[in-house]
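Colleague: The structure is given below, and queries will be raised subsequently.
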Amino acid sequence: MRTGLHQSGREHERYLWTDAFAVCNFLELFRRTHDEECLRYATVLIDQVHQVLGRYRDDDMRRGWISGLAEEKARLHPTAGGLRIGKPLKERAAGEPIDERLEWDRDGQYFHYLTKWVHALSQAGFVTGNAAYSRWAVELGQAAFKGFARRSRSDEIAGVYWKMSTDLSRPLVAATGLHDALDGFISFREAQNAAKTLANAEAAGLSAAIESLSLLCRYGNWTTDDPLGLGGLLFDACRLCRLAGAGLNDVGLVEQLMDACRNGLTSLLAGRQLSWPAAHRLAFRELGLAIGLRALPIIADVVARDRSTFGSRPALGRTLDLLLPYEPLSEKIISVWMPHAQHRDANWLAHENINDVMLATALTPDTFLSVGGGLPP
């Protein structure tokens, strides 16, 4: 199998983004079928990711765990130094000029990949009842914030770097991702919630990070017409409105995200990007939108039921009424790409692994869209 879970010789072919989605998919299959083998795949995959992406590459002069911890302690804290992306090329050396084309294939750490793994670990904790997964999610959040936070001269948090070196010592791409602060704010809240629920621990180590990212979110411009970005906004909004203890700031942020999604979807459809020839499109980006669109009924249900939290925002309900008719677009996107997946054409095979895992998530998104403590309705 291409997962590498059967063949030990392939276990170094790990990629953090696809593996995060795959963990949620295995957990979803276990919830639906009660097949223990699916649960075993999820836990084995988590262990492999930590063993491979938590260590330096085989072609790196450095050896051992990225965290710098000794072997025995590092196994207990496998996410303490972050996790590599899993790209095919080594990271750019210090002082080496950047080649924008090559950089996409170079290793290092991405903040938005780490937040996906925080989410996957939190879900694994809820499904298995094993509090170690929630602890690792918290420790990964701490490492990510410490390594990626871009500070001003007055030492205030001014943003989040897009890409860092494997050891988190220097930025490889100093730009700030459009939604990275938002992803971090919500994912760290999710990890905090998992730790409190599963281990009765407050995860105080993430409180400062959550507060800093919350401040960054107050000034965010979330609008995008990129399908994957829109799917990510809907995914974030779904988790935020379902997290316990949503306050007024959260409600305002959900409202902002829904407005951005409405504007972005309007722009996307007006540009007719989803009607372009398949050779000029990327399946996994559109399938990311399909996953996010599956969250719309969940968001609408939470807002309608939780009047004490969302009742003071009638504009949010009106925006959701405008967005809900877009939900069937999810099935249309899946139906477009399903024949390509079945026939394994060149367009699909160019990004085979990520296309496959995103399609699987779009077909069975419940665990991926969950924040634990029960499946979405």
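Colleague: Just need log10 I(q)/I(0) for the range 150-238 at q = 0.11, 0.14, 0.17, 0.18 Å⁻¹, Debye formula, equal scatterers on the alpha-carbon atoms, no solvent, rounded to two decimals.
Modeller: Normalising to I(0) and taking log10 leaves -0.37, -0.59, -0.85, -0.94.
Colleague: Would you work out what percent of the accessible area of the range 64-140, with all protein chains in place, is carbon or sulfur (probe 1.4 Å)? The partial results should precede the final answer.
Modeller: Values: 1650 of 3090 Å².
Of all accessible area on the range 64-140, carbon and sulfur atoms account for 53 percent.
Colleague: Of the accessible area of the range 201-343, with the probe set at 1.4 angstrom, what percent is carbon plus sulfur?
Modeller: On the way: 3400 of 6250 Å².
The computed percentage sits at 54.
Colleague: Between Arg153 and Ala208, what's the calculated FRET efficiency when r is the beta-carbon distance and R0 is 30 Å? Round to 0.05. Can you show the working numbers first?
Modeller: Numbers: r = 19 Å, r/R0 = 0.64.
That pair, Arg153 with Ala208, gives E of 0.95.
Colleague: Give the longest segment of the chain that steers clear of GluC sites (Glu not before Pro) in DSSP loops with at most 12 neighbouring Cβ atoms within 10 Å, not counting the sites themselves. Don't jump to the answer; show the numbers that get you there.
Modeller: On the way: sites that count: Glu156, Glu202.
Counting at most 12 other Cβ atoms within 10 Å as exposed, the longest clean stretch of the chain is 203-377.
Colleague: Give the separation of the Cα centroids, the range 346-368 to the range 14-41, in Å.
Modeller: Cα centroid of the range 346-368 versus Cα centroid of the range 14-41: 13 Å apart.
Colleague: Given charges of +1 on the Cβ of Lys and Arg and -1 on the Cβ of Asp and Glu, with all other atoms neutral, how large is the dipole of the range 99-205 about its Cα centre, in debye to the nearest 20? Show your work: numbers first, answer last.
Modeller: Details: 12 positive and 13 negative charges, 42 e Å.
So the magnitude is around 200 debye.
Colleague: On a straight-distance basis, which lysines could pair with Lys332 in a cross-link, Cα separation under 30 angstrom, same-chain partners fewer than 8 positions away excluded?
Modeller: Lys116
Colleague: Oh, and also: Mean-square fluctuation check for the chain, GNM, Cα pairs under 10 Å: which of Asp345, Asp180, Asp167 is largest?
Modeller: Asp345
Colleague: OK, next. For the chain, what does the accessible surface come to per residue with a 1.4 Å probe? Please give it in Å².
Modeller: Values: 16300 Å² over 377 residues.
Using a 1.4 Å probe on heavy atoms only, each residue of the chain averages 43 Å².
Colleague: Counting only helical runs of four or more DSSP H residues, what would the 222 nm mean residue ellipticity of the chain come to if each run contributes -39,500 (n - 2.57) and the total is spread over all its residues? Don't skip to the answer; put the middle values down first.
Modeller: Working: 17 runs with 218 residues, N = 377.
Result for the chain, helices only: -18500 deg cm²/dmol.
Colleague: Can you pull the three principal axis extents for the Cα set of the range 261-314, in Å, largest first?
Modeller: The Cα atoms of the range 261-314 stretch 48, 19, 10 Å along their principal axes.
Colleague: What label, among (1) 57, 56, 54; (2) 54, 47, 44; (3) 56, 51, 48, belongs to Cα extents along the principal axes in Å computed from the structure on display?
Modeller: For Cα extents along the principal axes in Å, the calculated option is (3).
Colleague: Kirkwood Rh over Cα pairs of the range 65-210 into Stokes-Einstein at 10 °C, 1.306 mPa s: D in µm²/s? Walk me through the intermediate numbers first.
Modeller: Numbers: Rh = 15.7 Å.
My calculation gives 101 µm²/s for D.
Colleague: Considering only the other residues whose Cβ falls under 15 Å of the Cβ of Asp155, what net charge follows from Lys and Arg at +1 and Asp and Glu at -1? Kindly include the intermediate steps, with their values, before the conclusion.
Modeller: Numbers: positive: Lys146, Arg150, Arg151, Arg153; negative: Glu156, Glu211.
Overall, the nearby charge balance is +2.
The values are calculated or read from the model by the stated rules, or taken from the named source; none is laboratory data. As the structure is a computational prediction, the values presented were derived from the model and not from experiment. So basically every Cβ, Gly included, is an ideal-geometry build from the backbone, and we count neighbours across all protein chains shown. The area values use the complete protein model at the heavy-atom level, side chains included, leaving out ligands, DNA and RNA. Shrake-Rupley method; radii C 1.70, N 1.55, O 1.52, S 1.80 Å.
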